[in-house]
Structures are given as structure tokens and as C-alpha cells.
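Novice: The structure follows.
The values are calculated or read from the model by the stated rules, or taken from the named source; none is laboratory data. Just so you know, these numbers come straight off a predicted model, no measurement behind them. Neighbour counts run over all protein chains shown; Cβ positions are idealised from the backbone, glycine included. SASA here: full protein model, heavy atoms, side chains in, ligands and nucleic acids out. Shrake-Rupley method; radii C 1.70, N 1.55, O 1.52, S 1.80 Å.
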Amino acid sequence: MKVTKRSILAFSAIAVTSALALAGCASSTPSSDDKGGDDAAFSGQITVWVDADRADVMKDAAKEFTDDTGVKVSLVQKEFGEIRDQFVQQAPTGKGPDVVVGAHDWLGILVDNGVVAPVELGDRSDEFQQIALDAFSYDGQLYGVPYAIENIGLMRNTDLVSEAPTDFADMVAKGKAAGTDYAFLVGLDPEQADPYHLYPFQTSFGAPVFGQNSDGSYNADDLQIGNDGGKEFAAWLGEQGKAGILNTNITGDLAKENFLAGKSPFFLTGPWNAPAATEKGLNIAIDPIPSAGGEDAQPFAGVQGFFLSAESKNKLAANEFLLNYVGSEKVQTALYEVGGRAPALTAAFDAAVKNDPITAGFGEVGANAVPMPSIPEMGAVWQFWGVTETALINGKGGDPAALWDKMTADVQGAISK
């Protein structure tokens with residue numbers, strides 16, 4: 001995108017002032033780059049950590065940013081799975097990046113470690129999808145600029161079943177009527193099942209993990225997973241395991257392989273498996289996830305974006321790069337084209353779904369999704385949750401309600417430590 005330096009300064013002055021104030025001036029002393037003045041405002045260099053999937057797009061954005069502002073951008077490529085921990089370790093030393101790519105569920109750890117600074121979008125906040133802003137917010141502050149949203153949906157082979165199911169029972173009935181090997185497929189782990197993929201069925205019983213505050217943030221003191229709906233979900237898992245609908249021996253790879261081979265009309269998965277289905281020649285549609293418990297089946301939404309380091313020595317330029325380049329329709333569209341994830345910027349999202357029914361389908365399901373909790377207490381949940389789901393599906397551990405109660409007590413104990 002081309003922007004004038006005057007427009008850049010007008011917008012960035014608001015953003016960086018807010019960011020510095022909200023950061024409580026906890027970062028290092030601003031360099032001369034941060035001290036104002038048209039000529040001094042954009043100079044020097046910023047460092048951006050990015051992974052291989054997004055490197056080419058960011059390289060183009062960095063070049064344009066440098067051409068427009070004179071600020072050099074050093075792109076450092078990292079493995080996505082290693083970025084969070086390396087950032088937490090290196091930022092306090094002053095040797096970390098100014099901007100870093102990441103996922104919203106890292107936020108609790110990043111904020112607790114004081115390595116990210118708030119970002120103020122100003123009037124541009126209306127240009128982003130609300131769930132993306134909610135996911136990138138913590139204690140009422142926005143940290144970073146989101147660029148993509150992803151969630152699971154029900155992938156349907158339209159040559160095997162022509163209509164979307166009305167609920168879970170209807171899906172199973174349609175799946176059996178199709179005469180395939182499996183009525184429905186979802187990848188599960190033999191030891192940890194898959195709380196992420198099974199979560200929409202759990203929420204359809206009215207059993208979220210945590211309650212939410214009035215502003216939409218998660219309340220770690222309100223553990224909801226053990227409520228009556230949770231116990232109904234626990235009994236339901238046992239029933240589906242006994243019926244062979246849920247099978248912990250069918251991993252994610254096997255579920256994908258069987259769906260691509262036409263052995264089931266339904267596959268609960270995300271946009272990352274859509275290219276393989278279309279390349280295989282399957283005609284697919286993305287349907288809402290059918291309710292098993294009577295309430296809305298709400299999947300988790302994952303949001304990815306770019307964070308601003310609290311230790312950046314060139315926050316003004318880093319903010320500008322985030323807001324007017326990463327946050328531009330051009331860059332968000334380019335990132336969508338290489339990654340297949342729905343853009344967080346509404347204009348880019350609308351353009352993406354216009355001629356892409358698969359992205360549109362996942363987007364419609366995502367409108368009913370809830371952000372995956374980014375609070376640190378979420379880390380105490382996963383292991384107990386997955387192990388319990390596996391036991392329930394396999395009919396082990398005794399009474400489902402008692403097993404779910406034990407899981408809840410274990411989670412509460414881990415949170416309280």
C-alpha cells in the first residue's frame with residue numbers, strides 16, 4: 001500500500017502514544033527514533049520474527065515499508081512452534097524482535113512475562129472482525145494486530161450426502177444411509193482424544209471450560225466445565241464410543257485418509273484439510289457443526305497475528321508497520337492466499353469469501369465460534385481433559401459423571417497451585 005508520510009504520522013502518533021502509555025513506559029528508553037520530528041520519526045531499523053509460511057508475504061510488505069518510510073526491516077525466519085518461548089526468553093535481554101508473528105492463545109503467557117505492548121487501532125478497530133479483536137485482547141487491552149481466523153467446521157462430501165444435517169443424530173443417520181465405512185470421522189488421539197475438535201459437541205450441552213466476564217474475557221475463577229451439562233456430555237461420549245461413532249484409534253491422519261478415499265461423507269476438520277480434498281477431486285461443502293446436546297455447537301476460534309514487543313527500541317516504526325502494512329487489505333489478502341486462513345480484516349475477508357465457498361463456509365461456522373481461552377490457567381486444563389475424554393470414549397474409568405467430576409477437581413487443583 002502507498003501512504004504518505006503525513007498520513008502515517010497522523011495515525012501513528014495516536015497509536016504509539018497510546019502504546020507507550022499503556023505499556024507504563026516499561027520498555028527501554030526510546031531511541032532518537034521515538035522522539036518526534038518528521039525526519040527522525042521513521043528511521044533506523046526494526047526486526048520482525050516470522051515463520052516460513054508467511055515469510056514471502058512479509059518480505060514484500062517489508063520492502064514496501066522501507067520504500068515508503070526509509071526504515072529497514074530485518075526479517076528473521078523461525079519455526080512457528082519455537083517462536084513463543086524464544087520471544088519470552090530473548091525480549092527481556094533487549095535482543096529480541098520489535099514485531100513477532102504468533103497465535104492469540106499465547107497472549108496470557110506473553111502478558112504475564114511483560115514482553116508485549118498494547119496496540120491502539122483507533123478508528124480502524126471497526127475494520128476488523130470482532131472475534132479477532134476479542135481474541136487479541138487481554139484485560140481489556142489489545143495486543144498486536146490480528147490477521148487471520150481459523151476454526152473447524154463439518155466437511156461434507158456432497159456426492160455422498162446432498163444436504164447438511166440438522167443435528168448430530170441426523171448426521172449419523174445420513175452417514176449410515178450413505179453406506180460408507182464410517183458414518184462420521186474426526187481425528188482423535190489414543191491417549192488424549194481431542195478436546196479441541198470435540199469442544200463444539202461439549203458446548204452444545206452448555207458446558208464451556210470457563211465462564212466469561214461482561215466484556216467477553218474469560219474468568220479463571222469460574223470453572224464451568226464440571227457443570228451438569230458437562231456430565232451429560234461425559235455420558236454422551238461413552239455412548240458414542242460404544243456405538244463406534246467416536247474411535248480413539250482413528251487419528252487425524254487416518255480420518256483424513258479415509259475421508260479422501262470416500263469412506264465417509266462427513267469429516268470434522270479445519271480449512272487446513274480443504275486443499276487436499278479439492279485436489280483429490282472431491283466435491284465438498286462446509287456445514288455448521290451439528291448440535292449433539294440441543295444448544296449451539298460452538299467451536300474454538302484460533303486467531304493469528306503480529307505482536308509488538310514491549311522492549312522495542314523503535315516502537316513508532318514498529319507500530320506503523322503493524323497498523324498500516326500488516327493491517328492493510330493488501331497484506332491480509334496476500335497472507336490469506338498463501339495460508340488459506342480467513343482474514344481478520346473485514347474488507348479482506350469479504351473479498352476472500354466472494355468466490356470461495358469453502359472459506360465462506362468456515363467463516364459462517366466461525367461466526368458462532370468462541371475464542372480459545374488465552375488465560376494462563378488454560379494450560380492446566382488440556383491434559384486432564386484429553387485423558388478423561390479417551391477413558392470415556394473407551395468405556396473405562398467407571399461412571400461417566402464421577403469420572404468427569406474427578407477431572408474437574410484435578411483441573412481446579414492444578415489451577416489453584
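Novice: Once the Cβ-Cβ distance between Asp221 and Gln383 is put in as r, and R0 is 30 Å, what FRET efficiency do you end up with, to the nearest 0.05?
Specialist: Efficiency, rounded to the nearest 0.05: 0.90.
Novice: Return the sequence-ordered ³J(HN,Hα) values of the stretch 82-91 in whole Hz as given by the Karplus equation 6.51 cos²θ - 1.76 cosθ + 1.60 applied to θ = phi - 60°, using x for Gly and Pro.
Specialist: So the J values, rounded to whole Hz, are 9, 5, 4, 5, 5, 5, 4, 6, 8, 4.
Novice: Rounded to the nearest whole Å², what accessible area per residue is found for the chain with the 1.4 Å probe?
Specialist: In whole numbers, the chain has 42 Å² accessible per residue.
Novice: First measure r as the distance between the Cβ atoms of Gln192 and Arg124, then evaluate 1/(1 + (r/R0)^6) with R0 = 45 Å and state the FRET efficiency to the nearest 0.05.
Specialist: E(calc), rounded to 0.05, equals 0.65.
Novice: In the stretch 250-311, which trypsin sites (Lys or Arg not before Pro) fall in coil by DSSP and have 12 or fewer other Cβ atoms within 10 Å?
Specialist: Hits after loop and neighbour filter: Lys280.
Novice: Determine the share of the chain's accessible area contributed by carbon and sulfur atoms, expressed in whole percent, with a 1.4 angstrom probe.
Specialist: Roughly 47 percent of what the probe reaches on the chain is carbon or sulfur.
Novice: State, to one decimal in nm, how far the label point of Lys396 lies from the label point of Lys176, with both points 7 Å from Cα in the Cβ direction.
Specialist: Taking the simple label geometry, Lys396 and Lys176 are separated by 2.7 nm.
Novice: Given the Cα-Cα distance of Ser416 and Thr346 and 0.36 nm per residue of separation, how much length would full extension add, in nm?
Specialist: Full-extension gain reported as 21.3 nm.
Novice: Turning to a different aspect of this structure: Please turn the phi angles of the stretch 210-225 into ³J(HN,Hα) values with the Karplus equation 6.51 cos²θ - 1.76 cosθ + 1.60 (θ = phi - 60°), one per residue in order, whole Hz, x for glycine and proline.
Specialist: 10, x, 10, 6, 4, 8, x, 6, 7, 9, 5, 7, 10, 6, 9, 4
Novice: Cα gyration tensor of the stretch 215-338, axes a ≥ b ≥ c as square roots of the eigenvalues: rounded (a/c below 1.5), prolate (a/b > b/c) or oblate?
Specialist: It is oblate, given that a/c is not under 1.5 and a/b is not larger than b/c.
Novice: Would you work out if the stretch 133-213 is rounded, prolate or oblate? Take a ≥ b ≥ c from the square roots of the eigenvalues of the alpha-carbon gyration tensor; rounded if a/c is under 1.5, else prolate when a/b is larger than b/c, oblate otherwise.
Specialist: prolate
Novice: Take Ser214 and Lys354, extend 7 Å from each Cα along the Cα→Cβ direction, and tell me the distance between the two endpoints in nm.
Specialist: Calculated label separation equals 4.1 nm.
Novice: Let me ask something else about it. Where does helix 329-339 land angle-wise versus the long Cα axis of the chain, in degrees 0 to 90, nearest 10?
Specialist: Long axis of 329-339 versus the principal axis of the chain: about 40 degrees.
Novice: For the full complex of protein chains and a 1.4 angstrom probe, list Ser217, Ser312, Ser416 by accessible area with the highest value first.
Specialist: Order by accessible area, largest first: Ser416, Ser217, Ser312.
Novice: In terms of the Cα gyration tensor, with a ≥ b ≥ c the square roots of its eigenvalues, is the chain rounded because a/c is under 1.5, prolate because a/b exceeds b/c, or oblate? Show your work: numbers first, answer last.
Specialist: Numbers: a/c = 2.49, a/b = 1.66, b/c = 1.51.
Taking the square roots of the gyration eigenvalues as a ≥ b ≥ c, the chain is prolate.
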